[in-house]
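Just below is one structure, and these are the notes that go with it.
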Amino acid sequence: TDVGLLQLNWEDGETKTLSKKDYEQIRLKGGSILGSDGTLWSISDVDNEQYITSNVQNFDICGSYVWSSYHNKVTLLNTETAQTWQYDSEDGIPGNKIYDVNCDDEWVWFLTNKGVAFFNWSRYHKNN
């Protein structure tokens with residue numbers, strides 16, 4: 001919400017604020033929540049936010065990897081080792097604007113201003 005990230009207990013209706021940041025996108029990863037407000041954060045409990053990386057418009061999580069997009073580039077981050085790889089039009093992503101990125105255990109796909117591109121990333125990166 002515009003007042004932050006809230007947690008609702010369905011049993012008693014109690015609500016608590018996990019973060020006061022205005023996240024544009026969130027994803028669940030184990031016991032944590034990843035959220036992006038242009039910067040990627042891990043939120044594990046009330047006021048416990050940890051910085052992961054900056055320049056994130058959209059992202060998706062596959063195992064211990066995070067795919068994120070920013071303008072015309074895509075970054076793959078191994079959350080266990082902090083190693084990163086960057087991809088762009090020189091690597092076969094069409095267009096100069098990446099609108100969204102999504103992944104599963106074998107494939108990642110990019111929605112761009114010039115179509116959709118698929119990449120079989122499991123052939124090059126071991127996803128946990």
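Would you please name the residue that is modelled with the lowest pLDDT, looking only at residues in region 14-50 that are among the small types (Gly, Ala, Ser) and loosely packed, with under 14 Cβ neighbours inside 10 Å? Looking at residues that are among the small types (Gly, Ala, Ser) and loosely packed, with under 14 Cβ neighbours inside 10 Å, I get Gly31.
The rows are residues; the columns are (1) surrounded by 20 or more Cβ atoms within 10 Å (Cβ to Cβ); (2) more than 14 Å from the chain's Cα centre (by Cα).
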site: Asn58; (1), (2): no, no
site: Cys62; (1), (2): yes, no
site: Val66; (1), (2): yes, no
site: Thr81; (1), (2): no, yes
site: Asp91; (1), (2): no, yes
site: Pro94; (1), (2): no, yes
site: Tyr99; (1), (2): no, no
site: Glu106; (1), (2): no, yes
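So, Gln86, is that one closer than 16 Å to Cys103 by Cα, free of Cβ contacts under 8 Å to residues at least 24 places away in the same chain and surrounded by fewer than 15 Cβ atoms within 10 Å (Cβ to Cβ) or not? Taking the combined requirement at face value, the residue satisfies it. The set of residues from region 27-75 being farther than 21 Å from Tyr99 by Cα and part of a loop (DSSP other than H, G, I, E, B) comprises Gly30, Gly31, Val46, Asp47, Gly63, Ser64.
The values are calculated or read from the model by the stated rules, or taken from the named source; none is laboratory data. Owing to the predicted nature of the structure, the values given are computational and were not obtained by experimental measurement. FYI the Cβ positions are ideal-geometry reconstructions off the backbone, even for glycines, and counts take in every protein chain you see.
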